[in-house]
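Engineer: Okay, handing you the structure first.
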Amino acid sequence: MKLIILDRDGVINRDRDDFVKSADEWVPLEGSMDAIAFLTQAGYTVAVATNQSGIGRGLFTMQQLNEMHAKMHKLVRQAGGEIDGIWFCPHPAAADCNCRKPKSGMVEDIIDRFNAKAADVYMVGDSLRDLQAVAGAGGRPVLVLSGKGKKTLAGHAGELPQGTQIFDDLAAFAQYLMQQEKQETEAAHALGA
């Protein structure tokens with residue numbers, strides 16, 4: 001099982017300080033749809049794990065969230081990719097739930113659902129809480145500098161979980177993985193020759 005978990009806002013789509021509240025406000029980041037397509041075509045299962053406290057705060061409804069996700073699914077499919085599941089936490093931080101990142105409950109649920117080995121699971125995020133959530137579940141943290149990523153790196157460089165990999169954006173990470181797989185395949189062929 002090759003599983004990659006993606007944060008949504010700032011990784012797949014443009015983030016907004018006032019929350020992404022509708023399908024019209026949900027705008028993909030350049031290259032993100034193609035990156036998901038590359039990952040899908042390379043045999044990765046792609047899941048999304050996103051905090052959406054705007055629901056708990058009354059800023060948007062479940063229907064509006066579903067419309068955003070329908071748009072995301074449509075655009076990813078048009079690029080040739082697939083998102084195999086979307087997990088979200090609707091609770092505000094004050095709820096102190098286990099599913100809200102930086103806690104690892106949502107990430108652990110995804111790993112369990114896909115019967116993946118945590119140590120092999122990447123999670124790509126633009127905030128420290130994304131990285132903490134996957135590290136807490138035993139996975140592999142990846143920081144992208146899109147969205148709030150540059151701010152995260154500048155303000156929390158010393159707090160990044162051990163082993164955090166850093167890339168410009170989701171497309172750069174997908175290209176890195178494709179290159180790694182190509183090298184592993186070539187090395188395996190060389191050993192078998």
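Engineer: When region 76-112 is examined, which residues are found to be without any contact (Cβ under 8 Å) to a residue 24 or more places away in the chain and touching a helix residue (DSSP H, G or I) at 6+ places or on another chain (Cβ under 7 Å)? Walk me through how you get there before you give the answer.
Structural biologist: Of region 76-112, the ones without any contact (Cβ under 8 Å) to a residue 24 or more places away in the chain are 77, 94, 96-99, 105, 109, 112.
If the condition is that a residue be without any contact (Cβ under 8 Å) to a residue 24 or more places away in the chain and touching a helix residue (DSSP H, G or I) at 6+ places or on another chain (Cβ under 7 Å), then Asn98, Cys99 are the ones that fit.
Engineer: Also: One residue is enough: does region 144-157 have a residue meeting the conditions under 26 Å from Phe114 (Cα atoms) and of a type outside the set (Lys, Arg)?
Structural biologist: Yes, region 144-157 contains a residue that is under 26 Å from Phe114 (Cα atoms) and of a type outside the set (Lys, Arg).
Engineer: Sticking with this structure for a sec: Pro102: surrounded by fewer than 20 Cβ atoms within 10 Å (Cβ to Cβ), modelled with pLDDT under 95 and touching a Lys or Arg at 6+ places or on another chain (Cβ under 7 Å), yes or no?
Structural biologist: no
Engineer: Here's something else I'd like to know. Taking the residues in region 145-164 that are open to solvent by 50 Å² or more (accessible area, probe 1.4 Å) and in contact with a helix residue (DSSP H, G or I) (Cβ under 7 Å, 6 or more places away or on another chain) as candidates, determine which candidate is farthest from Glu30 (Cα to Cα).
Structural biologist: Checked region 145-164; the qualifying residue farthest from Glu30 (Cα to Cα) is Glu159.
Engineer: Identify the residue in region 1-58 that is part of a loop (DSSP other than H, G, I, E, B), open to solvent by less than 50 Å² (accessible area, probe 1.4 Å) and of a type in the set (A, V, I, L, M, F, W, C) and, among all such residues, is nearest to Gln132 (Cα to Cα).
Structural biologist: Val11
Engineer: Within region 124-138, can one find any residue that is touching a Gly at 6+ places or on another chain (Cβ under 7 Å), open to solvent by less than 60 Å² (accessible area, probe 1.4 Å), aliphatic (A, V, I, L, M) and closer than 24 Å to Gly31 by Cα?
Structural biologist: yes
Engineer: For region 132-155: of the residues being assigned to a helix (DSSP H, G or I) and hydrophobic (A, V, I, L, M, F, W, C), which is farthest from Asn98 (Cα to Cα)?
Structural biologist: So the residue we want is Ala154.
Engineer: For the list (1) touching a residue at least 12 places away in the same chain (Cβ under 8 Å); (2) not in a loop (DSSP other than H, G, I, E, B), I need the number of the one condition that Gly158 fails.
Structural biologist: All conditions are met except number (1).
Engineer: For region 82-99, state whether one or more residues are in a helix (DSSP H, G or I), of a type outside the set (A, V, I, L, M), at pLDDT 95 or above and over 15 Å from the mean Cα position of the chain (by Cα). Working first, answer last.
Structural biologist: Initially, region 82-99 is screened for residues in a helix (DSSP H, G or I), giving 93-95.
Add one more test, that the residue is of a type outside the set (A, V, I, L, M), and what stays is none.
No.
Engineer: In region 120-161, what count of residues is obtained for those that are modelled with pLDDT under 95 and touching an Asp or Glu at 6+ places or on another chain (Cβ under 7 Å)?
Structural biologist: Result for region 120-161: 0.
Engineer: Looking at region 27-45, I want the residues that are over 21 Å from Asp112 (Cα atoms) and have a partner that is at pLDDT 95 or above and hydroxyl-bearing (Ser, Thr, Tyr) with Cβ atoms under 7 Å, at least 6 apart or on another chain. Which pairs are those?
Structural biologist: From residues that are over 21 Å from Asp112 (Cα atoms), the pairs are Leu29/Ser146.
Engineer: Scan region 61-81 residue by residue and report those that are open to solvent by less than 60 Å² (accessible area, probe 1.4 Å), within 15 Å of Ala35 (Cα to Cα) and either among the acidic types (Asp, Glu) or assigned to a helix (DSSP H, G or I) (or both).
Structural biologist: Met72, His73, Leu75, Val76, Ala79
The values are calculated or read from the model by the stated rules, or taken from the named source; none is laboratory data. Since the model is a prediction, treat every value here as computed from it, not as a measurement. With ideal geometry, Cβ positions are generated from the backbone for all residues, glycine too; neighbour counts draw on all protein chains shown. Areas reflect the complete protein model, heavy atoms only, side chains present, ligands, DNA and RNA absent. Shrake-Rupley method; radii C 1.70, N 1.55, O 1.52, S 1.80 Å.
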